[in-house]
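The values are calculated or read from the model by the stated rules, or taken from the named source; none is laboratory data. This one's a predicted model, so the numbers in the text were calculated from it and none came from an experiment. Ideal geometry is used to build each Cβ from the backbone, glycine not excepted, and the neighbour counts take in all protein chains shown.
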Amino acid sequence: MKVTLARTAGFCWGVRRTVDKTFETIEAAAGPVQTLGPVIHNPQVIARLKAEGVEVADRVAEVSAGTTLVVRTHGTTKDELAVARSRGLEVVDGTCPYVKVPQAYVQRMSRDGYHVVVVGDEKHPEIRGVVSYAEGPVTVLPAGAPLPELPGVKKIAVVAQTTLVGEAFQRVVGECALRFKEVRAFNTICYDADERQDDARALAAEVDAVVVVGGRASANTRHLAEICQELQPRTHHVETADELDPSWFSGVEVVGVSAGASTPDWVVEGVVRRLESMASPTGA
Ligand code: SF4
């Protein structure tokens with residue numbers, strides 16, 4: 001079976017930076033190293049770090065004195081960072097610089113008296129971190145959800161989760177423009193997510209099936225799978241090559257492979273090798 005790999009499949013710049021920082025920290029640290037939350041949303045990378053002795057802490061309170069703490073790519077809350085620093089822990093900030101952009105806008109706009117709307121998933125660690133920088137009222141709006149009544153609000157500022165699909169941001173900004181006197185919109189969607197989504201769309205339109213590779217907890221991988229599914233119903237989301245089922249590819253001549261920003265190259269390569277080794281299709 002022929003395999004076409006998306007140009008942007010695999011680690012984005014921000015994830016590579018955090019993963020490299022984590023392994024450099026392991027080399028350099030005199031004592032134990034822990035990450036605050038899973039450093040990226042990929043179970044295979046977390047397993048490699050665990051093999052190096054790096055445990056995941058859910059909260060700073062769980063971390064023993066003398067530990068070097070690496071902050072995950074998605075960042076953490078302002079309070080957790082303050083606790084880590086007040087306890088004198090060595091903190092390596094692995095937050096992607098693009099995730100710091102909505103954090104900074106939320107802080108600045110709420111200080112300036114704007115009601116802030118964050119378009120994204122309120123349970124996602126990136127959004128929990130971003131919201132923690134608000135110094136006034138903030139509303140988190142999941143993609144596609146209606147904008148609630150906000151009585152008395154005149155000035156509104158809108159930011160987006162870095163992995164948000166562009167149309168979801170556009171819809172909220174458009175609705176705000178009609179309902180409020182003053183609207184400040186900050187497009188904080190990461191260019192990598194945009195580019196990866198465009199590539200995935202182009203790929204899905206030209207192949208007979210698509211495999212999207214990446215962690216199930218990875219928001220950007222799930223978005224890629226949703227985008228591909230719309231254009232190519234024979235889309236499958238897998239974490240590793242072991243999950244591939246040959247019956248999915250009956251009649252398929254060309255399969256496209258895309259991968260989330262937190263999917264390591266070695267996992268993508270494993271999927272490509274397995275697909276290439278599958279016998280040429282005979283048709284359903
Ligand atoms: S997708 Fe963008 S925001 Fe997210 S980690 Fe990668 S570079 Fe940073």
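Failed condition for LYS21, given (1) closer than 22 Å to ARG128 by Cα; (2) within 16 Å of the ligand (Cβ to nearest atom); (3) part of a helix (DSSP H, G or I), with all others met?
Going through (1) closer than 22 Å to ARG128 by Cα; (2) within 16 Å of the ligand (Cβ to nearest atom); (3) part of a helix (DSSP H, G or I) one by one, LYS21 breaks only (1).
Please list, ordered by first then second residue, the pairs with beta carbon atoms under 6 Å, 6 or more apart or interchain, first in the stretch 81-93 and under 11 Å from VAL60 (Cα atoms), second modelled with pLDDT of 95 or more and β-branched (Val, Ile, Thr).
What qualifies is VAL83/VAL60; ALA84/VAL60; ALA84/VAL91.
When you scan the stretch 109-121, do you find a residue that is away from the ligand (no atom under 12 Å from the Cβ) and within 21 Å of LYS21 (Cβ to Cβ), even just one?
Looking for residues that are away from the ligand (no atom under 12 Å from the Cβ) and within 21 Å of LYS21 (Cβ to Cβ), one finds none in the stretch 109-121, hence no.
Under 8 Å between Cβ atoms, which residue pairs at least 6 apart in sequence (or on different chains) link something in the stretch 112-130 that is touching a residue at least 12 places away in the same chain (Cβ under 8 Å) with a partner that is in a strand (DSSP E or B) and within 12 Å of the ligand (Cβ to nearest atom)?
VAL118/ALA160; VAL119/ALA160; GLY120/ALA160
Being hydrophobic (A, V, I, L, M, F, W, C) and surrounded by fewer than 21 Cβ atoms within 10 Å (Cβ to Cβ) is the filter here, so list the residues in the stretch 97-117 that pass it. If you could, list the steps in order and put the result at the bottom.
First pass over the stretch 97-117, keeping only residues hydrophobic (A, V, I, L, M, F, W, C): 99, 101, 104, 106, 109, 116-117.
Correct list: VAL101, ALA104.
Looking only at the stretch 163-192, filter to residues that are among the charged types (D, E, K, R) and away from the ligand (no atom under 16 Å from the Cβ); which one of those is nearest to VAL138 (Cα to Cα)?
First, the residues of the stretch 163-192 that are among the charged types (D, E, K, R): 167, 171, 175, 179, 181-182, 184, 192.
Narrowing further to those that are away from the ligand (no atom under 16 Å from the Cβ): 167, 171, 175, 179, 181-182, 184.
Numbers: GLU167: 21, ARG171: 18, GLU175: 17, ARG179: 17, LYS181: 17, GLU182: 16, ARG184: 14 Å.
Only one residue tops the list, namely ARG184.
If we scan the stretch 199-216, do we find a residue that is within 16 Å of the ligand (Cβ to nearest atom), closer than 24 Å to LEU164 by Cβ and without any contact (Cβ under 8 Å) to a residue 12 or more places away in the chain?
no
Of the residues that make up the stretch 132-153, is at least one over 30 Å from LEU81 (Cα atoms), in contact (Cβ under 8 Å) with a residue 24 or more places away in the chain and surrounded by 21 or more Cβ atoms within 10 Å (Cβ to Cβ)?
no
Look through GLU239, GLU243, GLU253 and report the one residue that is farther than 16 Å from ALA6 by Cβ and buried (at least 17 other Cβ atoms within 10 Å of the Cβ). Please lay out each step first, then the result.
Working: GLU243 fails: buried (at least 17 other Cβ atoms within 10 Å of the Cβ); GLU253 fails: buried (at least 17 other Cβ atoms within 10 Å of the Cβ).
Only one candidate qualifies: GLU239.
Does the stretch 179-188 include one or more residues that are crowded, with 23+ Cβ neighbours inside 10 Å and modelled with pLDDT of 90 or more?
yes
Can you confirm whether THR282 is surrounded by fewer than 13 Cβ atoms within 10 Å (Cβ to Cβ), at pLDDT below 95 and among the β-branched types (Val, Ile, Thr)?
yes
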